[in-house]
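The structure appears below as structure tokens.
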Amino acid sequence: QSALTQPPSASGSPGQSVTISCTGTSSDVGDYNYVSWYQQHPGKAPKLMIYEVSKRPSGVPDRFSGSKSGNTASLTVSGLQAEDEADYYCSSYAGSNNYVVFGGGTKLTVL
Amino acid sequence: QVQLQQSGPGLVKPSQTLSLTCAISGDSVSSNSAAWNWIRQSPSRGLEWLGRTYYRSKWYYDYAVSVKSRITINPDTSKNQFSLQLNSVTPEDTAVYYCARETGGAATAIFDYWGQGTLVTVSS
């Protein structure tokens with residue numbers, strides 16, 4: 001059982017927007033602005049898409065955006081494209097006892 | 001461009017020690033702005049952070065509570081790499097193991113570069 005809770009699946013048609021939630025606690029997501037999101041295609045390593053809640057690494061399309069409210073972080077993918085179909089994981093720094101926690105992952109399907 | 005290249009056996013017998021190495025290019029294991037992590041992924045446990053090492057005038061080590069009694073992560077400055085040792089493995093330790101660079105410090109959980117992953121199966 002993962003420390004952060006994500007919906008197991010999400011879907012949308014090309015061009016639409018989809019939002020994936022990531023719910024933690026006041027000891028991780030709610031206490032730190034170190035929430036990251038990763039995209040993982042089958043057989044590949046995770047790829048950093050969002051860090052520090054809403055920042056995008058160089059090369060990540062601005063269709064990907066992140067936000068946080070209280071203990072819940074969200075990833076929004078706008079203008080869905082076929083190549084966005086993948087698993088998405090959130091993570092958070094969780095202090096000096098637990099250090100790093102991950103979500104269970106959300107499978108995004110582009111219809 | 002940072003690259004992480006993993007090596008190590010894909011099959012380990014129960015009760016033995018799992019050993020993996022992650023060779024770094026494009027950065028230094030002694031970097032004052034990065035930390036070097038091991039993360040694993042399995043269908044039953046999802047992504048699970050195992051531990052890290054980093055250098056800030058001396059070496060530091062942080063380990064997940066779930067494996068703290070069995071894990072060792074060691075830097076090797078002569079080869080610019082770091083390693084994972086997990087003792088007394090059981091089939092529950094079967095997973096894809098990744099090494100990853102944590103950027104922005106050692107308390108950010110921002111993993112910007114990952115190794116290719118190594119599937120380690122624990123079986124007799």
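The values are calculated or read from the model by the stated rules, or taken from the named source; none is laboratory data. The model shown is predicted, which means the values in this text are computed figures rather than measured ones. Cβ coordinates were reconstructed from backbone atoms using ideal geometry, including for glycine residues, and neighbour counts include every protein chain displayed.
Just a few scattered comments:
- Residue list for the stretch B:32-51, restricted to those being buried (at least 16 other Cβ atoms within 10 Å of the Cβ) and either hydrophobic (A, V, I, L, M, F, W, C) or more than 24 Å from B:T121 (Cβ to Cβ) (or both): B:A34, B:A35, B:W36, B:W38, B:I39, B:L47, B:W49, B:L50
- Filter result (closer than 20 Å to B:Y98 by Cα and more than 10 Å from chain B (Cβ to nearest Cβ)) within the stretch A:1-49: A:W37, A:Q39, A:H41, A:P42, A:M49
- Of all residues assigned to the stretch A:98-105, at least one qualifies as being over 12 Å from A:T19 (Cα atoms) and part of a helix (DSSP H, G or I).
- Residues considered: A:G105, A:G79, A:G30, A:G12. Of these, the only one that is more than 24 Å from B:Q1 (Cβ to Cβ), in contact (Cβ under 8 Å) with a residue 60 or more places away in the chain and out of contact with any strand residue (DSSP E or B) (no Cβ under 8 Å at 6 or more places or on another chain) is A:G79.
- Any chance B:S57 is on the phi > 0 side of the Ramachandran plot, more than 14 Å from chain A (Cβ to nearest Cβ) and without any contact (Cβ under 8 Å) to a residue 40 or more places away in the chain: yes
- Out of A:S92, A:S74, one residue alone is within 11 Å of the chain's Cα centre (by Cα), assigned to a strand (DSSP E or B), facing another protein chain (nearest Cβ under 8 Å) and surrounded by 16 or more Cβ atoms within 10 Å (Cβ to Cβ). It is A:S92.
- Subset of the stretch B:72-95 (residues that are under 22 Å from B:V29 (Cα atoms) and in contact (Cβ under 8 Å) with a residue 24 or more places away in the chain): B:I73, B:P75, B:D76, B:T77, B:K79, B:N80, B:Q81, B:F82, B:S83, B:L84, B:Q85, B:L86
- Only strands (runs of 3 or more DSSP E) whose full extent lies in the stretch B:63-124 are considered here, and the ones with at least 3 residues that are among the aliphatic types (A, V, I, L, M) are B:95-103, B:118-122.
- In the set B:G115, B:G104, only one residue is of a type outside the set (K, R) and under 26 Å from B:K13 (Cβ atoms); that residue is B:G115.
- For the stretch B:98-124, filtered to residues that are more than 23 Å from A:G95 (Cα to Cα) and within 14 Å of chain A (Cβ to nearest Cβ), the residue that is surrounded by the fewest Cβ atoms within 10 Å (Cβ to Cβ) is B:L119.
Yes or no, residue by residue, for (1) at pLDDT below 95; (2) farther than 20 Å from A:V100 by Cβ:
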site: B:V2; (1), (2): no, no
site: B:S7; (1), (2): no, yes
site: B:C22; (1), (2): no, no
site: B:D27; (1), (2): no, no
site: B:S33; (1), (2): yes, no
site: B:S66; (1), (2): yes, no
site: B:S69; (1), (2): no, no
site: B:T77; (1), (2): no, yes
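- Lone unmet requirement of (1) touching a helix residue (DSSP H, G or I) at 6+ places or on another chain (Cβ under 9 Å); (2) outside any strand (DSSP E or B); (3) modelled with pLDDT of 95 or more for B:S44: (3)
- Reported count of residues in the stretch B:72-97, each being buried (at least 17 other Cβ atoms within 10 Å of the Cβ), more than 10 Å from the chain's Cα centre (by Cα) and over 16 Å from B:S42 (Cβ atoms), is 2.
- The lone exception for A:S67 - which of (1) in a loop (DSSP other than H, G, I, E, B); (2) among the hydroxyl-bearing types (S, T, Y); (3) surrounded by 14 or more Cβ atoms within 10 Å (Cβ to Cβ) it fails: (1)
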